[in-house]
1. Find, among the chymotrypsin sites (Phe, Trp or Tyr not before Pro) in the stretch 407-482, those assigned to loop by DSSP (not H, G, I, E, B) with at most 11 other beta-carbon atoms within 10 angstrom.
2. Can you classify the stretch 220-259 as rounded, prolate or oblate using the Cα gyration tensor, where a ≥ b ≥ c are the square roots of its eigenvalues, rounded means a/c under 1.5, and otherwise it's prolate if a/b beats b/c and oblate if not?
3. Step through the residues of the stretch 236-246 one at a time and calculate ³J(HN,Hα) from phi using the Karplus curve (6.51 cos²θ - 1.76 cosθ + 1.60, θ = phi - 60°), rounding each to whole Hz and writing x for Gly and Pro.
4. Once both labels are modelled 7 Å past Cα along the beta-carbon direction, what's the R385-Q569 spacing in nm?
5. Using only protein heavy atoms and a 1.4 Å probe, report how much of S392 is accessible, in Å² to the nearest 10.
6. What is the stretch 158-248 by shape, rounded, prolate or oblate, if you read a ≥ b ≥ c off the alpha carbon gyration tensor as root eigenvalues and call it rounded for a/c under 1.5, prolate for a/b larger than b/c, and oblate otherwise?
7. Of the heavy-atom accessible surface of the stretch 64-171 (probe 1.4 angstrom), what whole percent is carbon and sulfur?
8. Give the average over all directions of the projected area of the C-alpha convex hull of the stretch 54-94, one decimal, in nm².
Amino acid sequence: MNKLYSTGALVLLAVLFVVLTMLAGLTLRNLRVDLTENELYTLSDGTVNILESLDEPITLRLYFSDSASEDLPQIRRYADRVWELMQEMASRADGRLEIERIDPLPFSEQEDDAARYGLEGVPLSQAGDLLYLGVVGTNRIDGLEVLPFASPQRETFLEYDLARMISSLATPDRPRVGLVSGLPLAGGMNPQTGQRNPAWAVHDQWTELFDVRTIQPTAGSLPEDLDALVLVHPKQLSEALLRAIDQFVLAGGRLLAFVDPYAEADPGDNPMDPAARFMAERDSSLPTLFEAWGVGFDVERFVADPGRALQVSLQQGQPPVRHPAILGLTAADMDDEDIVTAQLDLINTASIGAFDLSALAEGLEAVPLLESSDAAGELPTERLRMAADPASLADELGEGTGVRTLAVRLTGTANTAYPDRAAADEDWRTEGALNAILVADTDLLADALWVQRQRFLGQVLLEPFADNGALAVNAVENLLGNADLISIRGRASSDRPFDLVDTLRREAEARLRATEQQLELELREAEARLTELQQARGDTDLSILTPEQEAEIDRFMNQRLEIRRQLRQVRRELDSDIEALGSRVKLINIALMPVLVTLFALFIAWRRRRAQHEGDDG
């Protein structure tokens, strides 16, 4: 009878387990707990806002060559990471985000679609097999956004890339941004090499995100439908264009201006003439507008800051030296409450200037976004033309004279910089709301200060080593009012190296190297002893070994065998340590959660039994 009861209890438990599992699957389908250290599977608030604001369905298709990548575990793992993030996004979009995973097999229609969408196929073999790992996004009005190849090296930007695709498809009309530049941002022919220079990376980013409309500095007006205006090194602007800029900002237009007391990247009017290039005027400013706003900017002085000086190599073979004009601004130098700079860690600058806000116009408010350290001072920009030794700049600077404002946000009500025009033009705006960001350096946009171009599987990828590009994009996006995308950028990577295993391997390899070095030392000593024995024999036949030589060789051979045995022992210990570590990790992964659940269940049972006893006693 007891056996029958036991069997029935087991069957009942099994049925109960199945029912609970089914109920959990139905009722807890949307419940997720992200226990990863960096919350890899938790979407940023900006992404959630974008997904929850979708009005029309959007489809994302992941093209991944699942069959062709069987020998590429890293790529397969990253493809799963992309797919999991897409699934998480779909779960937060209330049905307005559809996702598909497609394996574009060779010679299939799916492969033709991948090629038609512009996905990049990476060759895997001589037979012509291609690896696809890209995302295609579409909306209902034939809008198309493509991530040609989702590189693992851009994993920290994966959520941003996908959210940007969704945002672009949700709002098909990209914001219109006017660009006036005195620097070759779009690339062009290099007169010194005769080859075409690529566009600056920041220019590529802007044109990818916005409808950028280039405006010549000599233009007499601005396009009427601009949402924002970006000025980079605004030198030699026509007076008519300056007046147009004045009216644009007073009418509610957003302005981002990069000015500079000494633009290193300015090629000058005649790049082919070294003398003209050396003497070229490299400063830029907006003096009329700045005066109306009460912003001081001295184009004849730059900020030297020994407290943020970066190390540079002036000559090959010479040790690097700290250059007080080339600065690495850290998060401590940025406004951590402004969304433009809050998530940035490093901004590199060169010969940056400073804004003087002591005479700010009434009605305006200034918030510094970038600042120097308190060890900073200012030096004449002419020193940059002649200073071959950065140490001389530091000596000339002496003690620092305080923090300088290097970038600033201006808001409030501003007056026109051309009040006399109001008498001649009744439509002339005399005041209006100003919303602008000013940066006192243009060189920070140059690739050399923030990004490297690397080749990965035949593709050219941009690898930022500073946040200069993020600053430039953040500023435009923020001025356009899209703050959701800004909060997404820069997530942690899912790549978790086995630090302990690596440490064990390094220690073992160090022991191996030490043993090998000992073997080589003893080998050389044995050879030296053999040579001494040979020389001590005089004119005797060298082909016949003496007993001493034979004994020395035998001793050496035995010694070498013993050392080889020790080498094998060291390798076995290494494998044993790693295997034991792997077993412990597997044990934790497999058994820890059941143990925790069991302990939790026992705790609940104990609490209930205790409460029941207390009730009976009461």
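1. F465
2. It is oblate, given that a/c is not under 1.5 and a/b is not larger than b/c.
3. 6, 6, 5, 4, 5, 5, 5, 5, 5, 5, 4
4. So the label points at R385 and Q569 sit 7.4 nm apart.
5. In the full protein context, S392 sits at about 40 Å².
6. Working: a/c = 3.00, a/b = 1.16, b/c = 2.59.
Oblate shape, in that a/c is at least 1.5 and b/c is the bigger or equal ratio.
7. 45 percent
8. Taking the Cα atoms of the stretch 54-94, their convex hull projects to 3.1 nm² on average.
The values are calculated or read from the model by the stated rules, or taken from the named source; none is laboratory data. Bear in mind the structure is a predicted one, so any value in this text is a computation, not a measurement. Here the Cβ is made from the backbone with ideal geometry for all residues, glycine too, and neighbour counts use every protein chain on show. For the accessible areas, the whole protein counts, side chains as well, though only heavy atoms, and no ligand, DNA or RNA atoms are used. Shrake-Rupley method; radii C 1.70, N 1.55, O 1.52, S 1.80 Å.
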